[in-house]
Amino acid sequence: MSTDTCCAGPHDHPALSAQDRARLGRRARLLAGASVTYNVVESVVAVSAGLAAGSVALVGFGLDSLVEVSSGLIILWQFAHRLPESRERLAQRLMAVSFVALALYVGVESTRALLTGAEPESSPVGIGLAVASLMIMPFLSWAQRRTGRALGSGAVVADSTQTLLCTYLSGVLLVGLLLNATLGWSWADPAAGLVIAAVALKEARDVWRGDGCC
């Protein structure tokens, strides 16, 4: 990701008419609503399957989905304002805080699972969920990023980055679950959880600073 400061605003896009800005704002809200709906379902399925299987990585993935939900709600809150750019920086800071909370929980739980030698059961539901996310999330992220860049909104672009992060984490989760299911490598599950925590912490830092948003 770029290290440029995320400072885009309406004055960075002088050619964008008020009508176009309103249209793009409606699209941003629509995409945020779609993200919230999908991630609520994903979170419920992932956390339920993770608790049933004793999988910290799967539970962590479900909690990441809740971060995605909060991210989408933040975008909906931002664009409910007459001047959404006035809420830009606060929206990004709220996203960063939610990422820190996720990283702390998953990191602690993954470490505990590694130290205690917990052996999670295989989870076909979790594997199917990870595959579904790998198929859906890249397209949603692309649409969000395109809209955010057209608007000059760092918060919308940050939301697309969080959606893309969900894609990466789906891949990490899938590898961990498959290794546990096929080879019996129980350590692969909490190890995947630690990767999820590390990536979430990095994203928290980048979103807080505004890096890579524009």
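Couple of notes before you dig in:
- Our analysis of the chain gives Rg over Rh at 1.02, with the two radii drawn from alpha carbon positions and Rh computed by the Kirkwood formula.
- Whole-percent P(r), the range 35-156, all Cα pairs, 5 Å bins from 0: 2, 11, 17, 20, 18, 13, 9, 6, 3, 1, 0.
- Relative contact order of the chain, taken over Cα pairs closer than 8 Å and 6 or more residues apart, is 34 percent.
- Karplus-derived HN-Hα couplings along the range 67-80 (A = 6.51, B = -1.76, C = 1.60, θ = phi - 60°), whole Hz, x at Gly and Pro: 4, 4, 4, 4, 4, x, 5, 5, 5, 4, 5, 4, 8, 7
- Applying the criteria of a DSSP loop state and at most 14 other Cβ atoms within 10 Å to the chymotrypsin sites (Phe, Trp or Tyr not before Pro) of the range 107-195 yields Trp185.
- J(HN,Hα) series, the range 23-30, from Karplus relation 6.51 cos²θ - 1.76 cosθ + 1.60, nearest Hz, glycine and proline x: 5, 5, x, 5, 5, 4, 5, 5
- Radius of gyration and maximum dimension Dmax of the range 56-127, Cα, Å: 16.4, 53
- With the highest mean first, a sort of the peptides 126-137, 68-79 on other beta-carbon atoms found within 10 angstrom per residue produces 68-79, 126-137.
- Counting every C-alpha pair in the range 91-190, the share spaced more than 24 angstrom apart comes to 36%.
- When Val195, Val67, Val41 are compared by accessible surface with a 1.4 Å probe, the order from highest to lowest is Val41, Val195, Val67.
- One equal scatterer on each Cα of the range 89-129, no solvent, Debye formula: the resulting log10 I(q)/I(0) at q = 0.21, 0.27 Å⁻¹ is -0.80, -0.88.
- Comparing Asp159, Asp189, Asp20 in a Gaussian network model of the chain, where Cα atoms under 10 Å apart are tied by springs, the biggest mean-square fluctuation is seen for Asp20.
- Heavy-atom accessible area for Arg21, with the other protein chains in place and a 1.4 Å probe, reaches approximately 60 Å².
The values are calculated or read from the model by the stated rules, or taken from the named source; none is laboratory data. All values reported here derive from a predicted model rather than from experimental measurement. Note that we place each Cβ from the backbone using ideal geometry, even for glycine, and neighbour counts take in every protein chain shown. To get the accessible areas, we keep the full protein, side chains included, count just its heavy atoms, and leave off ligands, DNA and RNA. Shrake-Rupley method; radii C 1.70, N 1.55, O 1.52, S 1.80 Å.
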